[in-house]
Structure formats: C-alpha cells, structure tokens
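Participant: Got a structure for you, questions after.
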C-alpha cells in the first residue's frame with residue numbers, strides 16, 4: 001500500500017506543515033503516516049548568541065526558523081521546524097562550506113565519540129513548544145581514502161558534521177550509537193510523535 005492510499009495517523013487535529021528542505025526529515029515524518037505539506041525554508045540567519053549553552057543551540061535555531069513563517073500561519077496549521085548540530089570538544093560542527101572543510105570534519109570525528117543534538121519546534125497560531133534530543137555517536141577509524149570516497153560519491157555539504165548516518169559512511173564507520181538513530185538522521189521521531197499527541 002503506498003503512502004497516498006493511507007489515512008493519516010490519528011496524531012493531531014492540525015494541518016501539519018513541515019518547514020524543511022531535508023529529504024531525511026520528509027522520510028521520517030512520512031514513516032509515521034502523517035499527512036503534511038512542505039513549505040520551502042527561506043534563507044534564515046542561523047547565528048545564535050555566543051553565550052547560549054551548546055545544548056540549547058539546536059532548539060533555539062528551530063524556534064528562529066519558525067519566526068519566518070508566523071505571519072502566514074493559518075488558524076488550523078501546525079508548523080514543524082528543526083535544526084541539527086554536531087558537537088565535539090565544545091565545538092559546533094555545522095554544515096561544511098566546501099569539500100575540504102567536510103574532509104577536515106570527518107578526520108576530526110574519526111575514532112571518537114561526538115554528540116548529535118536535534119532541536120524541534122512546534123508552532124501554531126496561539127502556541128509554541130520546543131524540545132531537543134541528544135545521541136552519542138562513536139566513529140571507528142577512517143582512512144584518507146575512505147573519507148575521500150565518501151565526500152566524492154555522497155553529499156556531505158548539506159549535513160551537520162559532514163555526514164549522513166543513513167549513507168555509506170554510517171554503515172562502515174559508525175561503531176555505536178547511544179540514543180535515537182533517527183535523531184542522528186535529523187528528527188527524533190519518537191519524541192515528535194509523542195509531542196504531537198500532546199500538543
């Protein structure tokens with residue numbers, strides 16, 4: 001049975017809007033049988049206060065993305081925005097600017113454990129909540145040849161930390177994940193489902 005023939009899961013009375021260009025987030029929301037509409041994300045300044053604790057950055061950015069949509073949000077709509085960051089040694093690894101930066105990020109992550117934090121924001125006309133989820137990801141060693149293969153054959157530039165756990169590098173380099181695999185993909189879908197039921 002394909003997605004178009006399914007009824008939407010009984011989760012929310014709202015018309016769901018996913019404000020994300022991420023194919024991973026689209027896949028994950030579809031996986032819980034939600035009917036939703038995509039609204040393309042405009043260019044948003046993703047800066048944040050320097051004093052903001054790193055654990056709060058992803059949720060802050062998810063809320064910041066939501067503000068761009070508030071003027072056009074209708075009464076029966078629920079907007080979902082999200083942001084994912086990678087943390088290692090107190091540094092935030094966002095999306096790399098080019099392949100050389102992607103290569104450097106992957107060298108830094110190799111053989112070590114880092115944190116992946118995804119912040120999610122739900123916004124309606126009269127209410128807003130945000131939350132985040134954290135997973136610990138341990139990479140095995142990576143050779144220069146393996147890193148070059150990945151960045152040449154896949155798309156690291158649109159991903160925090162320069163990797164997608166659902167891609168080749170996730171199969172051959174991710175030794176262990178403590179926490180939600182789907183959170184590492186870009187959306188902590190269990191928490192999303194539970195919060196949608198409560199919203």
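Participant: Looking at residue 127 and the list (1) touching a residue at least 60 places away in the same chain (Cβ under 8 Å); (2) touching a helix residue (DSSP H, G or I) at 6+ places or on another chain (Cβ under 9 Å); (3) at negative phi, which single condition is not satisfied?
Facilitator: Status for residue 127: all satisfied but (2).
Participant: Another question, if that's okay. Have a look at 56, 46, 37, 27 and point out the one that is touching a helix residue (DSSP H, G or I) at 6+ places or on another chain (Cβ under 6 Å) and either closer than 28 Å to residue 95 by Cα or modelled with pLDDT of 95 or more (or both).
Facilitator: Details: 56 fails: touching a helix residue (DSSP H, G or I) at 6+ places or on another chain (Cβ under 6 Å); 37 fails: touching a helix residue (DSSP H, G or I) at 6+ places or on another chain (Cβ under 6 Å); 27 fails: touching a helix residue (DSSP H, G or I) at 6+ places or on another chain (Cβ under 6 Å).
That would be 46, the only listed residue that is touching a helix residue (DSSP H, G or I) at 6+ places or on another chain (Cβ under 6 Å) and either closer than 28 Å to residue 95 by Cα or modelled with pLDDT of 95 or more (or both).
Participant: Looking at 142, 157, which is the one that is part of a loop (DSSP other than H, G, I, E, B) and within 18 Å of residue 109 (Cα to Cα)? Show your work before the answer.
Facilitator: Values: 157 fails: part of a loop (DSSP other than H, G, I, E, B).
Residue meeting the stated conditions: 142.
Participant: Test residue 45 against the stated conditions and say whether it is part of a helix (DSSP H, G or I), within 18 Å of the chain's Cα centre (by Cα) and farther than 11 Å from residue 125 by Cα. Even if it seems obvious, please write down each step before you answer.
Facilitator: Working: part of a helix (DSSP H, G or I): no; within 18 Å of the chain's Cα centre (by Cα): yes; farther than 11 Å from residue 125 by Cα: yes.
Answer is no for this residue.
Participant: So if I check each of 95, 74, which one is in contact with a helix residue (DSSP H, G or I) (Cβ under 9 Å, 6 or more places away or on another chain), over 22 Å from residue 191 (Cα atoms) and surrounded by fewer than 20 Cβ atoms within 10 Å (Cβ to Cβ)?
Facilitator: Details: 74 fails: in contact with a helix residue (DSSP H, G or I) (Cβ under 9 Å, 6 or more places away or on another chain).
Going through 95, 74 in turn, just one is in contact with a helix residue (DSSP H, G or I) (Cβ under 9 Å, 6 or more places away or on another chain), over 22 Å from residue 191 (Cα atoms) and surrounded by fewer than 20 Cβ atoms within 10 Å (Cβ to Cβ): 95.
Participant: Given the residues 109, 87, which is the only one that is buried (at least 22 other Cβ atoms within 10 Å of the Cβ), under 22 Å from residue 185 (Cβ atoms) and touching a strand residue (DSSP E or B) at 6+ places or on another chain (Cβ under 7 Å)?
Facilitator: After applying the criteria, what remains is 109.
The values are calculated or read from the model by the stated rules, or taken from the named source; none is laboratory data. Note that the structure is a prediction, hence the values are computed from the model and not measured. Note that each Cβ is placed from the backbone with ideal geometry, even for glycine, and that neighbours are counted across all protein chains shown.
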